[in-house]
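So the structure is just underneath, and the comments pick up after that.
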Amino acid sequence: MQYVPGPHNRACNHYKALHDFILERVRINQQSLDPSCPRDFIDSFLIRTEEVSRFEFSTRNLVDTAIQLFFAGTETTSSTLRFGLLFLVKYPEVQDKVREEVDRVIGQTHSPAMNDQGRMPYTNAVIHEIQRLANILPIGVPRKVACDTHFRGYLLPKDTDVSTALGIILQDPKYFKDPKSFHLEHFLDEEGHFKKNDSFLPFGTGKRVCLGKSLALMELFLMLTTILQRFTLKSPKEPQEIDLTPKVSGLGIVPPNYELYALPREEGLHDSA
Ligand code: HEM
């Protein structure tokens, strides 16, 4: 594509900048490598490269893998968070309840930590419902079958492309009573306890489940609770005017652009009073 003129060339240039940045990091790591004390993914990869001589462990593969980790780990989490903040201004009563739980369980004396999560069923349900409705990867990641595979009476010959319809699973009315709406009962029982749902698969499932699942879950919890511990979020629009229609719906779903105010808590409380 780089030989075809057009605006996509900017993306090629950005990719090259990322590539050069990571290559430089690899050089820095190589010069200061201590095999008994790996500092990061690049060090671990370099150590493995010295241990085994296999074609996968090349510098080229190291740089590409590091770039792919950045791609896989940034846009996904940030799109989910942007959808999350949008839902919180669209449904201010939900935002109030999360803030109430943050105040009760975490308070203002310490920053949110992962061991707070077990005592925060409402917040946990909100994060699940954000991910369910945001549905940012509706057909997962493209895959192909590694060998001839028999599935429900069909033969999928080796190398057949396969996509998992995660978006359909996340909105299956058998599992979610009101699948198109932001509805916390999908993850809360009558007593307000968190309720697991087998159809909640935004990270896929099986051997190739999202590698960053636990990191992403930590990021979502810590970022949303930290924001609500300190700020009240408001939209310049009335909640009923807020449009949730995605900006892009393709392989990935991207939230619309929107504005919001983050009012420091004192000011936010004063404002609502
Ligand atoms: C809300 C955030 C995220 C969502 C919704 C998400 C979703 C997914 C999905 C649906 C897949 C395909 C799974 C399958 O085929 O069954 C996937 C794969 C993957 N994800 Fe994520 N992801 C997120 C965050 C991250 C983060 C933070 C990282 C890394 C730092 C990451 C790294 C990866 C990688 C490397 C794969 C490929 C795994 C493999 O092929 O074995 N993801 N992700």
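The values are calculated or read from the model by the stated rules, or taken from the named source; none is laboratory data. Everything quoted here is computed from the prediction, not taken from an experiment. No Cβ is skipped: glycine too gets one built from the backbone with ideal geometry, and neighbour counts run over all protein chains shown. SASA here: full protein model, heavy atoms, side chains in, ligands and nucleic acids out. Shrake-Rupley method; radii C 1.70, N 1.55, O 1.52, S 1.80 Å.
Table for the structure above
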quantity: Any hit, the stretch 62-70, residues being of a type in the set (D, E, K, R), surrounded by 11 or more Cβ atoms within 10 Å (Cβ to Cβ) and within 29 Å of E219 (Cα to Cα); calculated: yes
quantity: Selected residue (only one of L184, L166, L224, L188 is under 18 Å from V98 (Cβ atoms) and within 16 Å of the ligand (Cβ to nearest atom)); calculated: L224
quantity: The stretch 211-221 - residue that is in contact (Cβ under 8 Å) with a residue 60 or more places away in the chain and either of a type outside the set (A, V, I, L, M, F, W, C) or near the ligand (Cβ under 6 Å from one of its atoms) (or both) and, of those, most open to solvent (accessible area, probe 1.4 Å); calculated: L211
quantity: Residue pairs meeting the criteria (Cβ under 6 Å; at least 6 apart or on separate chains; first over 23 Å from S181 (Cβ atoms), in the stretch 66-95; second among the acidic types (D, E)); calculated: T77/E219
quantity: So L263, is it under 23 Å from R99 (Cα atoms), in a loop (DSSP other than H, G, I, E, B) and at pLDDT 95 or above; calculated: no
quantity: Tally of residues being aliphatic (A, V, I, L, M) and modelled with pLDDT under 95 across the stretch 222-259; calculated: 2
quantity: Selected residue (only one of I106, I136, I127 is open to solvent by less than 40 Å² (accessible area, probe 1.4 Å), touching an Asp or Glu at 6+ places or on another chain (Cβ under 6 Å) and closer than 27 Å to D189 by Cβ); calculated: I106
quantity: Condition check for T160: within 18 Å of L88 (Cα to Cα), modelled with pLDDT of 95 or more and open to solvent by less than 90 Å² (accessible area, probe 1.4 Å); calculated: no
quantity: Which numbered condition F203 misses (of (1) closer than 30 Å to A146 by Cβ; (2) surrounded by fewer than 14 Cβ atoms within 10 Å (Cβ to Cβ)); calculated: (2)
quantity: The stretch 165-177, residues that are in a loop (DSSP other than H, G, I, E, B) and surrounded by 11 or more Cβ atoms within 10 Å (Cβ to Cβ); calculated: A165, Q171, D172, Y175, F176
quantity: The stretch 35-58, subset of a type in the set (S, T, N, Q) and open to solvent by 70 Å² or more (accessible area, probe 1.4 Å), residue farthest from I227 (Cα to Cα); calculated: S53
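So that you can scan it fast, the table gives a plain yes or no per residue for (1) within 16 Å of the ligand (Cβ to nearest atom); (2) not polar (S, T, N, Q); (3) not in a loop (DSSP other than H, G, I, E, B):
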| site | (1), (2), (3) |
| --- | --- |
| L23 | no, yes, yes |
| R27 | no, yes, yes |
| S44 | yes, no, yes |
| F57 | no, yes, no |
| F71 | yes, yes, yes |
| T77 | yes, no, yes |
| T80 | yes, no, yes |
| V98 | no, yes, yes |
| G107 | no, yes, no |
